[in-house]
Structure formats: C-alpha cells, structure tokens
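The values are calculated or read from the model by the stated rules, or taken from the named source; none is laboratory data. For clarity, every value in this text was computed on a predicted model and none was experimentally measured. Every residue, glycine as well, gets a Cβ built from its backbone with ideal geometry; the counts of neighbours run over all protein chains shown.
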C-alpha cells in the first residue's frame with residue numbers, strides 16, 4: 001500500500017520531453033492546467049487532452065506507469081462523479097426514490113472525470129520526465145527573483161530536495177516498523193476508526209525518533225561536505241534553454257489560444 | 001612535503017550536560033596524542049565508548065578539543081575561519097549510508113560538495129566522473145540511491161568525499177550496517193584508494209579482519225591510546241585485547257591457544273597462509289604414533 005505513492009518518482013529516459021528545460025516544462029504544465037480549467041466544452045477539453053497525449057507519446061513513458069499514478073485518485077473521481085450524476089437538476093432519464101439520473105448530470109460528471117484525469121496525468125508527466133532535483137533546481141531559478149524580497153529560495157529548494165530524497169527511505173522504514181510492531185502483536189487492521197488511529201501511535205513514535213536522528217546525521221554529513229548555504233554555489237547541471245524549449249512553449253500557447261477560441265465560438 | 005597530515009596533541013574532550021549543571025562530567029578523551037602520516041592506512045580499534053569515534057570527529061573539526069590541540073596540515077582546527085579548508089582536506093564518511101546522501105541521483109550527490117565549494121561546472125563534471133570511476137560506481141551514476149544496495153550506497157558516499165580531492169579520508173565504522181558482501185566491497189574500495197591514489201586513510205572499526213589489513217593499528221580504550229603499532233604486534237597481545245573486550249583474528253587466536261597448550265608457535269601470525277605453514281611445521285615436528 002505504501003509503495004503506491006508516486007510523488008517524486010522519476011522515470012529515467014532520454015526522450016524529447018525528458019530533455020526539455022525543466023523551467024519550461026513547469027511553465028508548460030501550468031499552461032496545460034490553465035487550458036483544462038478554462039475549457040468549457042467537450043471539444044475544448046479535447047484540445048487540451050490532445051496536447052497532453054502528444055506530450056505523453058513523445059515522453060515514451062509506459063502506459064502502465066501512467067495508470068499507476070491515477071490509482072490514488074480513484075476515490076476522488078468516484079466521489080465527484082456520483083455527486084454530479086445524482087444531484088444535478090435537468091432532464092431525468094432514470095428515477096429511483098429520491099435518486100434520479102439526469103442527462104446534465106451524466107455530461108458534467110464525464111466532463112469532470114476527463115478533466116481530473118488529464119490534470120493528474122499532466123502533472124505526473126512532469127514528475128516522471130524530470131528528476132526531482134532538476135525540478136527543485138528549476139523552481140529555485142524560477143523563484144530566484146523573489147530573493148530580493150528576502151524569500152529564502154535556496155533554503156526552500158534544499159528542503160524540497162531533502163524531503164524528496166527521504167520519501168522512499170522513510171516509507172521503507174515505516175514498513176519495517178509496521179512489521180516489527182505486528183510481530184509484537186499490534187493490531188492495525190481491525191476495530192473502529194478511533195482504535196485504528198490509536199494503533200498508529202507505536203508506528204509514528206519510532207518513525208519520528210528515527211527521522212530526528214537521521215536529520216542530525218544528515219546535517220553533520222552536509223557540514224562535512226562544506227555546505228554553507230546558497231551563496232557562491234555552482235551546479236553540476238546547468239540549465240540551458242534551446243529552440244525546442246521555445247517551440248514547446250509556443251505550441252502549448254497555441255493550444256491554449258485554441259481552447260479560448262473554442263470557448264468563444266461555442267459560448 | 002609535509003609528513004604529518006593530522007596531528008592530535010594531548011586532546012581532551014568531554015560532553016557537557018546542558019540540563020543538569022552539576023551532573024558528573026564524563027571524560028571521553030583523556031589526553032590523546034596521535035599523528036597520521038601522509039599515505040598511511042591507519043585503523044583505529046576500540047570497544048563501544050572507547051572514544052574512537054570522538055577522536056575521529058576531531059580530525060575534521062566536527063568536534064573541537066576541550067584541551068590540547070588538533071592540527072590538520074598545520075592548520076589549527078579551532079580556527080573557525082579556515083574550517084572549510086580543513087574539511088576539504090580531511091573528508092569524513094559515516095556509518096549509515098542513507099543518512100549522508102543528500103541528492104536523489106547518484107552523480108548529483110557526488111557533486112554536492114563541489115557545488116558547495118563553487119567549483120566551475122566543467123571541472124565538476126570531470127571530478128564527479130573520476131570519483132565515481134575510482135569507487136567503481138560509474139555505471140550507476142544516473143540511478144537513485146534507494147535502488148542501490150548498502151555497500152553501493154556507501155561507495156557513493158565515499159565518492160562524494162573523493163570528489164573534493166581530500167588528502168585524507170576518515171571513515172567512521174563505514175561497514176557496521178552492511179552485509180558481508182557490502183563490507184568486502186567497501187573495504188576493497190578503501191584499500192584501492194589508499195594503494196592506487198595515495199589517499200591517507202583513517203578507518204574507525206571494531207572488525208578485527210578489517211583492521212588487520214591496515215598498515216598500523218591504534219587501539220583505544222576508555223579514552224586513551226592503549227597500543228599503537230603494526231597489526232602483527234598489536235594482535236600478538238591476545239590477553240590484553242581480550243581484556244578490553246576486543247577480539248583478535250581467528251588464526252592469531254588459534255596460534256595463541258596452541259602456544260598455551262605448550263606447542264612451539266608464534267602469535268605474530270595474522271593471515272591464513274602463514275597459519276597453514278605454521279601448522280604444517282608443528283605437525284612435521286610432532287612424532288607420529
């Protein structure tokens with residue numbers, strides 16, 4: 001169950017999408033999200049989905065992996081679609097007691113499902129094709145103008161890097177602690193919600209203690225490697241924007257315009 | 001050329017208890033003097049609480065002595081201005097490989113120290129590749145650390161230090177959390193670095209077989225240096241070693257037991273081949289009946 005978390009799971013590759021400048025990729029993802037949210041017809045949404053599919057095919061990410069990233073949001077999809085199907089007023093097709101299904105309900109829920117799936121796929125595509133460290137690097141640079149207003153941009157980026165680095169380590173550790181507590185007879189699967197929440201205490205306490213110990217050791221190791229904050233730091237990977245980056249950004253803006261145009265035409 | 005890389009002079013250290021002012025002060029180091037020569041492979045042996053990790057942490061100014069002085073290539077470690085000069089010269093590798101890897105990609109982690117030092121990107125690329133090749137992890141440069149085994153992670157951590165091009169590497173029980181395979185990988189890497197690249201090594205350990213491969217062993221107990229000699233001479237003191245809770249290599253122990261039972265042997269033996277020869281000699285000398 002814990003292994004399903006896909007945040008920061010980078011899928012190494014050398015596709016066109018992988019090679020794009022991460023700064024551009026973040027902006028393009030932003031444009032895609034704007035596209036999906038501003039579309040108010042199926043055709044408009046379709047344009048956004050086409051843009052997403054083109055990037056997805058170019059990225060050479062296995063379809064299965066993409067499906068995996070959708071798994072955690074299945075409950076949200078079900079919840080919103082059920083709400084939409086049953087509680088929207090309109091032409092009734094089917095009625096059972098106080099529950100009724102309307103044409104509008106079906107339309108809206110289909111629309112929402114496509115939108116949510118496209119949103120998740122779009123952002124997963126960003127994290128699948130960009131190594132977390134490049135991603136934080138790009139965020140650091142995109143935000144660097146904010147240093148002028150004393151925002152600790154480097155420190156924030158460093159925190160993100162370390163958090164991403166330790167996610168798999170802590171997940172592994174949680175699994176280990178859970179097994180250890182189960183071996184001692186801890187029961188985590190039965191009882192009321194409150195009881196189950198209480199049963200988490202013997203997992204969380206050792207996890208926190210070890211996280212603090214890790215933090216201390218990591219700080220020491222960083223100091224030993226001459227870490228002294230963001231000033232005067234150079235980077236192994238330099239970010240270079242090329243023609244392909246501007247082309248991709250241009251393409252995303254063209255698609256965005258198309259969506260807006262369709263909105264006007266349909267509206 | 002300066003002969004001594006690290007020179008500890010009469011170092012004393014104790015941890016202060018911040019919560020109880022009149023708590024008894026536990027003296028961890030009681031006047032330790034130790035010189036590490038250039039190119040040497042030194043092992044520091046000791047039981048838990050002997051102060052071996054504490055003296056290691058003095059070698060790159062992680063801890064500062066409460067009494068006495070530590071010099072790294074002539075620089076006083078108490079000189080705060082030059083702390084990064086010191087840490088660049090003496091790198092340190094810790095026990096848990098997971099807790100010293102900062103980045104999510106192997107090569108970026110190796111580059112971490114160089115990024116901190118402001119090395120230009122072209123030179124950084126070269127140094128990172130060299131460091132990864134010297135520990136045999138070059139093929140894994142694009143992997144993420146959690147895909148690696150313990151021994152591989154520890155080698156990446158060593159590469160992260162090597163990339164700084166330090167003169168000396170202090171390893172604080174680098175194999176304590178590894179399986180036998182990982183242990184031998186790491187130890188092989190350490191020996192290679194020492195032999196082929198002339199890096200001075202200080203290996204803190206409690207494994208006798210690791211210490212036996214060093215040029216010199218320093219045995220610590222209860223905050224003082226008990227012995228400081230070549231492995232052969234150190235392990236010959238079987239009784240003293242046992243008294244302070246340390247072991248000797250199995251072959252040495254065998255020789256010791258044979259000697260105790262009255263056979264003419266030599267407890268200066270530390271490797272298997274010598275042991276076989278010695279046993280053959282005994283067998284030949286014993287009349288058959």
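Any idea which of (1) assigned by TED's automatic domain parsing to the domain that holds residue A:12; (2) within 28 Å of residue A:223 (Cβ to Cβ) is the one residue A:98 doesn't satisfy?
(2)
Show the residue pairs that are 6+ apart or on different chains and have beta-carbon atoms under 8 Å apart, the first residue being within the stretch A:80-97 and at positive phi, the second being in a helix (DSSP H, G or I) and buried (at least 16 other Cβ atoms within 10 Å of the Cβ).
Close Cβ pairs satisfying both conditions: A:90/A:105.
Does residue A:142 satisfy the criteria of being touching a residue at least 24 places away in the same chain (Cβ under 8 Å), under 18 Å from the mean Cα position of the chain (by Cα) and assigned to a helix (DSSP H, G or I)? Quick ask: steps written out before the conclusion?
Numbers: touching a residue at least 24 places away in the same chain (Cβ under 8 Å): yes; under 18 Å from the mean Cα position of the chain (by Cα): no; assigned to a helix (DSSP H, G or I): yes.
No: the conditions fail for residue A:142.
Determine which single condition residue B:175 fails, assuming it passes every other condition in (1) outside any helix (DSSP H, G or I); (2) within 14 Å of another protein chain (Cβ to nearest Cβ).
Looking at each condition in turn, residue B:175 falls short on (2).
Select, from A:201, A:161, A:169, the only residue that is more than 30 Å from residue B:82 (Cα to Cα) and buried (at least 16 other Cβ atoms within 10 Å of the Cβ). Outline the logic, then answer.
Working: A:201 fails: buried (at least 16 other Cβ atoms within 10 Å of the Cβ); A:161 fails: more than 30 Å from residue B:82 (Cα to Cα).
Only one candidate qualifies: A:169.
Any residue at all in the stretch A:54-71 that's loosely packed, with under 15 Cβ neighbours inside 10 Å, touching a strand residue (DSSP E or B) at 6+ places or on another chain (Cβ under 7 Å) and outside any helix (DSSP H, G or I)?
The answer is no, given that none of the residues of the stretch A:54-71 is loosely packed, with under 15 Cβ neighbours inside 10 Å, touching a strand residue (DSSP E or B) at 6+ places or on another chain (Cβ under 7 Å) and outside any helix (DSSP H, G or I).
Any residue at all in the stretch B:106-116 that is in a loop (DSSP other than H, G, I, E, B), within 14 Å of another protein chain (Cβ to nearest Cβ), closer than 28 Å to residue A:228 by Cβ and in contact with a helix residue (DSSP H, G or I) (Cβ under 6 Å, 6 or more places away or on another chain)? Step through it out loud before you land on a result.
Start the filter on the stretch B:106-116 by keeping residues that are in a loop (DSSP other than H, G, I, E, B), which leaves B:111.
Filter once more, keeping what is within 14 Å of another protein chain (Cβ to nearest Cβ): B:111.
Now narrow it down to the ones that are closer than 28 Å to residue A:228 by Cβ: B:111.
Adding the requirement that they be in contact with a helix residue (DSSP H, G or I) (Cβ under 6 Å, 6 or more places away or on another chain) leaves B:111.
There is at least one residue in the stretch B:106-116 that is in a loop (DSSP other than H, G, I, E, B), within 14 Å of another protein chain (Cβ to nearest Cβ), closer than 28 Å to residue A:228 by Cβ and in contact with a helix residue (DSSP H, G or I) (Cβ under 6 Å, 6 or more places away or on another chain).
Considering only residues that are surrounded by fewer than 19 Cβ atoms within 10 Å (Cβ to Cβ) and within 11 Å of another protein chain (Cβ to nearest Cβ), look in the stretch B:142-172 and name the one that is nearest to residue B:61 (Cα to Cα).
B:146
Scan the stretch B:187-209 for residues that are surrounded by fewer than 21 Cβ atoms within 10 Å (Cβ to Cβ) and more than 24 Å from residue B:72 (Cα to Cα) and report the count.
Here the count works out to 4.
So, in the stretch B:210-225, exactly how many residues are over 21 Å from residue B:250 (Cα atoms) and crowded, with 19+ Cβ neighbours inside 10 Å? Walk me through it before giving the result.
Going through the stretch B:210-225, the residues over 21 Å from residue B:250 (Cα atoms) turn out to be B:221-225.
Applying the additional criterion that residues be crowded, with 19+ Cβ neighbours inside 10 Å yields B:221, B:223, B:225.
Number of matching residues: 3.
Against the definition (out of contact with any strand residue (DSSP E or B) (no Cβ under 7 Å at 6 or more places or on another chain) and within 12 Å of another protein chain (Cβ to nearest Cβ)), how does residue B:81 come out, yes or no? Before the answer, list the steps.
Numbers: out of contact with any strand residue (DSSP E or B) (no Cβ under 7 Å at 6 or more places or on another chain): yes; within 12 Å of another protein chain (Cβ to nearest Cβ): no.
So residue B:81 does not fit the description; no.
Could you tell me which of the residues B:91, B:68 is over 18 Å from residue A:168 (Cβ atoms), within 10 Å of chain A (Cβ to nearest Cβ), in contact with a strand residue (DSSP E or B) (Cβ under 7 Å, 6 or more places away or on another chain) and not in a helix (DSSP H, G or I)? Can you show your working first?
Details: B:68 fails: within 10 Å of chain A (Cβ to nearest Cβ).
The conditions single out B:91.
Would the stretch B:125-139 turn up any residue that is modelled with pLDDT under 90 and surrounded by fewer than 18 Cβ atoms within 10 Å (Cβ to Cβ)?
We begin by selecting, within the stretch B:125-139, every residue modelled with pLDDT under 90; these are none.
There is no residue in the stretch B:125-139 that is modelled with pLDDT under 90 and surrounded by fewer than 18 Cβ atoms within 10 Å (Cβ to Cβ).
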